[in-house]
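Enquirer: Here it is: the structure, laid out below.
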Ligand code: KIV
Ligand code: ZN
């Protein structure tokens, strides 16, 4: 089924799982704008929405299918005919449509959510896939709460839905429960125990309740999964989903893993800002890859190192994610090297300045402030003569 065993498919669910965040609802126009940006980024699949959930969501999937032509456009359903009919209708203009249907796979979901049995749920899963297949060729099946499901039962379910026509099987850690080793072993178990597994792509879909979504997704890839479901800025239900930018930069940074995909990482920062703005959801400053501080150095030791050689404290080149350069933040923890760097940047000829003396004045000022900005430096240098400018 897979021509290139190292190809990783990036499935973005910012517009579906990401949009489930309270207060982050987007209009159809905003969704199309983000959809086009995701297409430009190079994602393989865009999960555009859950059409049965509201007329607005239906409309968004319909319009996005017309406006975004390169990636697969995917619509979510539960395992019932009404949902699937609605998704098929919403996808009718899509160039590459995919229906994403599924049902709970853990005993917790089977018993308490569906008040059902393993056997009956398995039948519903197979029926849903067969029914969806009557509309489109590309069917993804999700085994909800697979993270807590019994592996033997999960394998049976996966085998049955592939036999029914599923082209992709999604193994969600819906509640962000697994440890990377557990999640990785689950994927390996499926690879080794599902007879027809090579007829489908295994997809990872991890939530971040324990802060392990990205680590679990990578563990899944290392054990045979080839599609990663993720969102920009890691937004999503509760603590969020696997963050797209983290996965992309892990795969880029650890080239020895030898995986490849089509995402152009240079658009990551811009897209992060766009999603944050449109969803009115600020990015935490220490967020990996796209946070305000992800490329800011503030301690003297680190600043000195970075100014001597960027890679002493930077494993990622900021240009690779679309940021011009890293920042040297001046605080009371900064050393002479960082101060000299900023003085030169502002046009002072440092050879003609008594740096030790300026640094002493700088420390007095910095002790009373969280951060020293350009204005503060100009104030500090106020009594230096004009000839000290270059
Ligand atoms: O987390 C989950 O299980 C999901 C499915 C609906 C795919 O989002
Ligand atoms: Zn989810």
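The values are calculated or read from the model by the stated rules, or taken from the named source; none is laboratory data. Since the structure is predicted, the reported quantities are computational estimates derived from the model, not experimental observations. Positions of Cβ are generated from backbone atoms using ideal geometry, with glycine treated the same way; all protein chains shown enter the neighbour counts.
Enquirer: Within the stretch 273-289, does at least one residue satisfy the condition of being under 17 Å from residue 210 (Cα atoms), away from ligand 2 (no atom under 16 Å from the Cβ) and touching a helix residue (DSSP H, G or I) at 6+ places or on another chain (Cβ under 8 Å)?
Expert: Checked the stretch 273-289: at least one residue is under 17 Å from residue 210 (Cα atoms), away from ligand 2 (no atom under 16 Å from the Cβ) and touching a helix residue (DSSP H, G or I) at 6+ places or on another chain (Cβ under 8 Å).
Enquirer: Restricting the stretch 151-177 to residues that are over 26 Å from the mean Cα position of the chain (by Cα) and closer than 19 Å to residue 74 by Cβ, which is nearest to ligand 1 (Cβ to nearest atom)?
Expert: Ranking the qualifying residues of the stretch 151-177, first place goes to 161.
Enquirer: For the stretch 250-304, which positions are surrounded by 14 or more Cβ atoms within 10 Å (Cβ to Cβ), part of a helix (DSSP H, G or I) and touching a residue at least 60 places away in the same chain (Cβ under 8 Å)?
Expert: The answer is 251, 252, 267, 268, 270, 271, 274, 275, 278.
Enquirer: When residues of the stretch 63-87 are filtered for being in contact (Cβ under 8 Å) with a residue 40 or more places away in the chain, buried (at least 24 other Cβ atoms within 10 Å of the Cβ) and assigned to a strand (DSSP E or B), how many remain?
Expert: Final tally of qualifying residues: 2.
Enquirer: Name, by its number, the condition in (1) within 13 Å of ligand 1 (Cβ to nearest atom); (2) within 22 Å of residue 79 (Cα to Cα); (3) surrounded by 23 or more Cβ atoms within 10 Å (Cβ to Cβ) that does not hold for residue 148.
Expert: Exception for residue 148: condition (3).
Enquirer: Only residues that are within 14 Å of ligand 1 (Cβ to nearest atom), touching a helix residue (DSSP H, G or I) at 6+ places or on another chain (Cβ under 9 Å) and assigned to a helix (DSSP H, G or I): list them for the stretch 9-45, please.
Expert: 18, 19
Enquirer: Residues in the stretch 15-23: is at least one away from ligand 2 (no atom under 16 Å from the Cβ), modelled with pLDDT of 95 or more and crowded, with 24+ Cβ neighbours inside 10 Å?
Expert: Step one: filter the stretch 15-23 for residues away from ligand 2 (no atom under 16 Å from the Cβ), giving 23.
Pick out the ones that are also modelled with pLDDT of 95 or more and you get none.
No, that holds for no residue.
Enquirer: Select from the stretch 219-249 the residues that are in a helix (DSSP H, G or I) and over 12 Å from the mean Cα position of the chain (by Cα) and list them in ascending order.
Expert: 219, 220, 221, 222
Enquirer: With (1) out of contact with any helix residue (DSSP H, G or I) (no Cβ under 6 Å at 6 or more places or on another chain); (2) surrounded by 22 or more Cβ atoms within 10 Å (Cβ to Cβ) as the list, and residue 48 as the residue in question, which single condition is left unmet?
Expert: (1) is the only condition that residue 48 fails.
Enquirer: Still on this model: Take the conditions surrounded by fewer than 16 Cβ atoms within 10 Å (Cβ to Cβ), modelled with pLDDT of 95 or more and under 40 Å from the mean Cα position of the chain (by Cα) and apply them to residue 373. Does it pass? Walk me through it before giving the result.
Expert: Values: surrounded by fewer than 16 Cβ atoms within 10 Å (Cβ to Cβ): yes; modelled with pLDDT of 95 or more: yes; under 40 Å from the mean Cα position of the chain (by Cα): yes.
In short, yes.
Enquirer: Quick one: is residue 4 away from ligand 1 (no atom under 16 Å from the Cβ) and outside any strand (DSSP E or B)?
Expert: On the way: away from ligand 1 (no atom under 16 Å from the Cβ): yes; outside any strand (DSSP E or B): yes.
Answer is yes for this residue.
Enquirer: Look through the stretch 110-147, keep the residues that are in contact (Cβ under 8 Å) with a residue 40 or more places away in the chain and out of contact with any helix residue (DSSP H, G or I) (no Cβ under 8 Å at 6 or more places or on another chain), and return whichever of them is farthest from ligand 2 (Cβ to nearest atom).
Expert: Filtering the stretch 110-147 for residues that are in contact (Cβ under 8 Å) with a residue 40 or more places away in the chain and out of contact with any helix residue (DSSP H, G or I) (no Cβ under 8 Å at 6 or more places or on another chain), the one farthest from ligand 2 (Cβ to nearest atom) comes out as 127.
Enquirer: Let me ask something else about it. Quick one: which residue in 136, 129 is assigned to a loop (DSSP other than H, G, I, E, B) and at pLDDT 95 or above?
Expert: Details: 129 fails: assigned to a loop (DSSP other than H, G, I, E, B).
Exactly one of 136, 129 is assigned to a loop (DSSP other than H, G, I, E, B) and at pLDDT 95 or above, namely 136.
Enquirer: Considering 235, 221, which residue is within 16 Å of ligand 2 (Cβ to nearest atom) and in contact (Cβ under 8 Å) with a residue 60 or more places away in the chain? Steps first, please.
Expert: Values: 221 fails: within 16 Å of ligand 2 (Cβ to nearest atom).
Being within 16 Å of ligand 2 (Cβ to nearest atom) and in contact (Cβ under 8 Å) with a residue 60 or more places away in the chain holds for just one of 235, 221, which is 235.
Enquirer: Turning to a different aspect of this structure: Search the stretch 207-218 for residues being part of a helix (DSSP H, G or I) and within 16 Å of ligand 1 (Cβ to nearest atom), and hand back the single one that is farthest from the chain's Cα centre (by Cα). Explain how you work it out, then say what you get.
Expert: Within the stretch 207-218, the first condition is being part of a helix (DSSP H, G or I), and the residues that meet it are 213-218.
Adding the requirement that they be within 16 Å of ligand 1 (Cβ to nearest atom) leaves 213-214, 216-217.
Details: 213: 10, 214: 8, 216: 13, 217: 10 Å.
Selected residue: 216.
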